[in-house]
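The next block holds one structure in the form of structure tokens; read it before the comments.
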Amino acid sequence: MGTLSYAVTMSLDGYIADTKGDFQWATPSPEIFDVHLQRMSEVSTEIIGRKTYELMQFWDIYPDSDESTPAEKVFGRLWQHIDKVVASSTLSPADMVADDDELVPHLEVERIRRIGQEVEGVVEIFGPTTAADAIRAGLIERFEFFIVPIIIGGGLKALPEGVELGMELVEQRTFDNGTVYLRYERSA
């Protein structure tokens, strides 16, 4: 049985992208990228939406070139070996980069629950829109927040409105650039 997890990089005021969709301010430093490498080494399955899938296709075809840093090479290999469930009503099977990437036109909460029960390791739901229903349903067991010291004033919220969940802080870390990592587990 897997652990359903939601990881997000967000501003101090709780957004992952500004009103224009920009999230360049969230680019991880090398120190934070190393933490993502550790996190991703535990992930067996990613549940993502169309935009994230298209954004992350870079890592599926990422060349092992001389310009690649050692950390980038490791991340690319990790990403390529993660099973992906892509929720999109606009993509077609021909749009899938890897033959084993699973495309579903709509991601039901029950489907997310089954994925969590059927696979081993961490099942990460990436992206607030894709994760919203699972968060509302109380399915997420682990929340990982990378909070960047910036206030952007609006945009795409990291968490859905109206959700109330008890959480227990299990890990925290502050990075040299002022970003704070907080990992919470859902309280019983």
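Take the residues in region 35-63 that are surrounded by 15 or more Cβ atoms within 10 Å (Cβ to Cβ), free of Cβ contacts under 8 Å to residues at least 40 places away in the same chain and more than 12 Å from the chain's Cα centre (by Cα), then tell me which one is farthest from Leu91 (Cα to Cα).
Here the residue is Tyr62.
Looking at Val163 and the list (1) exposed (fewer than 12 other Cβ atoms within 10 Å of the Cβ); (2) over 23 Å from Ile32 (Cβ atoms), which single condition is not satisfied?
Every condition holds for Val163 apart from (1).
So is Thr45 at pLDDT 95 or above, among the β-branched types (Val, Ile, Thr) and closer than 21 Å to Ala131 by Cα or not?
Answer is yes for this residue.
Residues that are over 19 Å from Met40 (Cα atoms) and part of a loop (DSSP other than H, G, I, E, B): does region 123-137 have at least one?
Applying the first criterion (over 19 Å from Met40 (Cα atoms)) to region 123-137 yields 129, 132-137.
Filter once more, so that each one left must be part of a loop (DSSP other than H, G, I, E, B): 137.
Yes: region 123-137 contains one or more residues that are over 19 Å from Met40 (Cα atoms) and part of a loop (DSSP other than H, G, I, E, B).
Step by step: first the residues of region 88-108, then only those that are aliphatic (A, V, I, L, M) and part of a loop (DSSP other than H, G, I, E, B), then the one that is farthest from Glu46 (Cα to Cα). Which residue is that? Quick ask: steps written out before the conclusion?
Of all residues in region 88-108, those aliphatic (A, V, I, L, M) come to 91, 94, 96-98, 103-104, 107.
In the following step, the residues that additionally are part of a loop (DSSP other than H, G, I, E, B) were identified as 91, 96-98, 107.
Details: Leu91: 17, Met96: 14, Val97: 14, Ala98: 13, Leu107: 13 Å.
Per the criteria, the residue is Leu91.
Hey, any hits in region 6-27 for a residue that's more than 29 Å from Val148 (Cβ to Cβ) and among the hydroxyl-bearing types (Ser, Thr, Tyr)? It would help to see each step written out before you state the result.
As a first pass, look at region 6-27 and keep what is more than 29 Å from Val148 (Cβ to Cβ): none.
Scanning region 6-27 turns up no residue that is more than 29 Å from Val148 (Cβ to Cβ) and among the hydroxyl-bearing types (Ser, Thr, Tyr).
Take region 122-153 and flag every residue that is in contact with a Phe, Trp or Tyr (Cβ under 7 Å, 6 or more places away or on another chain) and closer than 16 Å to Asp18 by Cβ.
Within region 122-153, Val148, Ile150, Ile152 qualify.
Could you please give the count of residues in region 17-34 that are assigned to a helix (DSSP H, G or I) and exposed (fewer than 12 other Cβ atoms within 10 Å of the Cβ)?
Matching residues across region 17-34 total 2.
Could you go through region 171-178 and let me know if any residue there is within 23 Å of Ile61 (Cβ to Cβ), in contact (Cβ under 8 Å) with a residue 12 or more places away in the chain, surrounded by 11 or more Cβ atoms within 10 Å (Cβ to Cβ) and of a type in the set (Phe, Trp, Tyr).
Taking region 171-178 as the starting set, the residues that turn out to be within 23 Å of Ile61 (Cβ to Cβ) are none.
Checking region 171-178: not a single residue is within 23 Å of Ile61 (Cβ to Cβ), in contact (Cβ under 8 Å) with a residue 12 or more places away in the chain, surrounded by 11 or more Cβ atoms within 10 Å (Cβ to Cβ) and of a type in the set (Phe, Trp, Tyr).
Among the charged types (D, E, K, R) and either at pLDDT 95 or above or closer than 17 Å to Ala134 by Cβ (or both): does that describe Glu67? Can you show your working first?
Details: among the charged types (D, E, K, R): yes; either at pLDDT 95 or above or closer than 17 Å to Ala134 by Cβ (or both): no.
Answer is no for this residue.
Scanning region 78-93 for residues that are surrounded by fewer than 17 Cβ atoms within 10 Å (Cβ to Cβ) and either in contact (Cβ under 8 Å) with a residue 60 or more places away in the chain or under 17 Å from the mean Cα position of the chain (by Cα) (or both), which turns out nearest to Gly2 (Cα to Cα)?
Looking only at region 78-93, we keep the residues that are surrounded by fewer than 17 Cβ atoms within 10 Å (Cβ to Cβ), and these are 80-81, 89-90, 92-93.
Next, from what is left, pick out any that are either in contact (Cβ under 8 Å) with a residue 60 or more places away in the chain or under 17 Å from the mean Cα position of the chain (by Cα) (or both): 80-81.
Details: Gln80: 19, His81: 17 Å.
Applying the filter and picking the extreme gives His81.
Considering region 138-170 alone, what residues qualify as being free of Cβ contacts under 8 Å to residues at least 40 places away in the same chain, on the phi < 0 side of the Ramachandran plot and not in a strand (DSSP E or B)? Please lay out each step first, then the result.
Just the residues of region 138-170 that are free of Cβ contacts under 8 Å to residues at least 40 places away in the same chain, to begin with: 160-170.
Next, only the ones that are on the phi < 0 side of the Ramachandran plot stay: 160-161, 163-170.
Within region 138-170, Pro160, Glu161, Val163, Glu164, Leu165, Gly166 meet the criteria.
The values are calculated or read from the model by the stated rules, or taken from the named source; none is laboratory data. Given the structure is predicted, the values throughout are model-derived calculations rather than measurements. No Cβ is skipped: glycine too gets one built from the backbone with ideal geometry, and neighbour counts run over all protein chains shown.
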